[in-house]
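Report on the structure given below.
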Amino acid sequence: GKSVLFQGPALCRAITSHKLTLVVTPLRALMQDQVEELQSKGFVSNVDYLSGDRMLAETQQIYRRIQSGEIALLYITPERFRVRSFMDVLYQRLRMDGGLEYVVFDEAHCVSQWGQDFRPSYLKIVDFIEKLPRRPVVSAFTATATKEVRDDMIDILQLQNPVMLTTGFDRKNLYFAVETPKDRYAAIRAYLEAHPGQGGIIYCLTRRNVEEICEKLIRDGCTVTRYNAGVSDAEGETNKDDIIH
């Protein structure tokens with residue numbers, strides 16, 4: 001639910017202003033899912049994302065829409081601030097409409113060196129914000145911040161008198177359980193048989209485990225597919241879309 005806290009203001013503001021909202025997120029799949037969800041609700045022309053896997057023609061088309069003021073909400077990875085062509089387009093847009101409206105850091109724990117997901121490219125964004133003639137509203141969202149990480153986020157992003165909202169971690173529809181079966185594959189099969197007609201994800205520690213379990217389940221007549229770093233982009237995209245839908 002935290003995404004609505006920046007999507008809502010950005011898209012409402014777009015009705016009266018052409019100013020841009022940037023959402024910085026480290027996960028390509030996450031930004032793509034959020035953009036597709038918004039586009040399915042009718043925000044087709046003013047919401048998009050940039051990532052390294054987009055075709056050159058797609059990227060250039062998005063650049064043109066940024067320059068024309070058409071895009072109000074743009075998702076980007078932190079590394080995009082190291083791309084000269086993007087920065088040129090961004091500065092041209094800012095000269096046109098007077099500045100950024102919001103800069104949003106989603107999964108903001110990645111700015112902190114306390115976490116294993118630290119991305120040094122975030123520091124480049126902070127430098128960029130400091131050089132703007134007018135500081136935009138800067139906000140940070142994460143579901144995984146310890147006190148040390150939270151303090152780090154405030155310090156690194158130089159948040160000014162931030163309003164901090166912290167909710168509980170208890171989710172009524174989620175629970176954790178630990179089992180130690182002697183035969184793991186038999187336990188997986190038993191679980192699947194106990195939940196007919198439902199979908200789920202089986203996480204494995206290695207790519208090899210993914211391949212082996214997938215092959216066994218297919219052999220045993222289960223509807224299953226794989227998703228790991230070894231599959232092609234096309235297969236990964238197809239498999240991801242299949243489970244979502």
- Probe 1.4 Å, all protein chains in place: accessible area of Leu100 in Å², nearest 10? 0 Å²
- Task: Counting only heavy atoms of the protein chains, get the accessible area per residue of region 15-95 (1.4 Å probe) and round it to a whole Å² value.
- Result: 48 Å²
- Item | Exceeding the 24 Å Cα-Cα cut-off - candidates Lys172/Lys240; Lys41/Lys131; Lys2/Lys41; Lys41/Lys124; Lys2/Lys147; Lys19/Lys124 | Lys172/Lys240; Lys41/Lys131; Lys41/Lys124
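Tell me the per residue accessible area of region 141-245 using a 1.4 Å probe; a whole number in Å² is fine.
Dividing the accessible area of region 141-245 by its residue count gives 86 Å².
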- Accessible surface, 1.4 Å probe, highest first, among residues Arg134, Arg28: Arg134, Arg28
- May I ask you to give the percent of accessible area on region 167-245 that is carbon plus sulfur, with a probe radius of 1.4 Å? 54 percent
- Note on the structure: Rounded to the nearest 10 Å², the 1.4 Å probe accessible area of Cys214 is 10 Å²
- Query: Just Pro181, Pro162, Pro26 to compare: in a GNM of the chain, with alpha carbon springs under 10 Å, which one fluctuates most?
  - Reply: Pro181
- Put Lys131, Lys216, Lys172 in order of accessible area, largest first, 1.4 Å probe: what do you get? Lys172, Lys131, Lys216
- If you take the charge dipole of the chain about its Cα centre, with +1 on Lys and Arg Cβ and -1 on Asp and Glu Cβ, which of His195, Phe43, Val104 is farthest toward its positive end? Val104
- Task: Relative to the longest principal axis of the C-alpha atoms of the chain, give the angle of the C-alpha long axis of helix 56-67, reported between 0 and 90° and rounded to the nearest 10°.
- Result: 40 degrees
- Task: Please give the direction-averaged projected area of the C-alpha convex hull for region 203-245, in square nanometres with one decimal.
- Result: 3.1 nm²
- Message: Given a 1.4 Å probe and heavy atoms of the protein chains only, how would you sort His109, His245, His195, His18, largest accessible area at the top?
- Response: His245, His18, His195, His109
- Note on the structure: If unit charges are put on Cβ atoms (+1 for Lys and Arg, -1 for Asp and Glu) and the dipole of region 1-89 is taken about its Cα centre, the option from Gln34, Ile71, His18 lying farthest towards the positive end turns out to be His18
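Considering all projection directions equally, how large on average is the shadow of the alpha-carbon convex hull of region 126-184, in square nanometres?
7.4 nm²
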- Item | At most 14 other Cβ within 10 Å, DSSP loop - chymotrypsin sites (Phe, Trp or Tyr not before Pro), region 153-214 | Phe169, Tyr175, Phe176, Tyr203
- Per the 1.4 Å probe, what fraction of the accessible area of region 3-119, in percent, lies on carbon and sulfur atoms? 54 percent
- Karplus 3J(HN,Hα) series, Hz, for region 229-240 with 6.51 cos²θ - 1.76 cosθ + 1.60 (x for Gly, Pro): 5, x, 7, 5, 4, 5, 5, x, 5, 4, 5, 5
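The values are calculated or read from the model by the stated rules, or taken from the named source; none is laboratory data. Keep in mind that this is a model prediction, so the values were computed, not measured. Ideal geometry is used to build each Cβ from the backbone, glycine not excepted, and the neighbour counts take in all protein chains shown. These area figures cover heavy atoms from the full protein model, side chains too; ligands, DNA and RNA do not enter into them. Shrake-Rupley method; radii C 1.70, N 1.55, O 1.52, S 1.80 Å.
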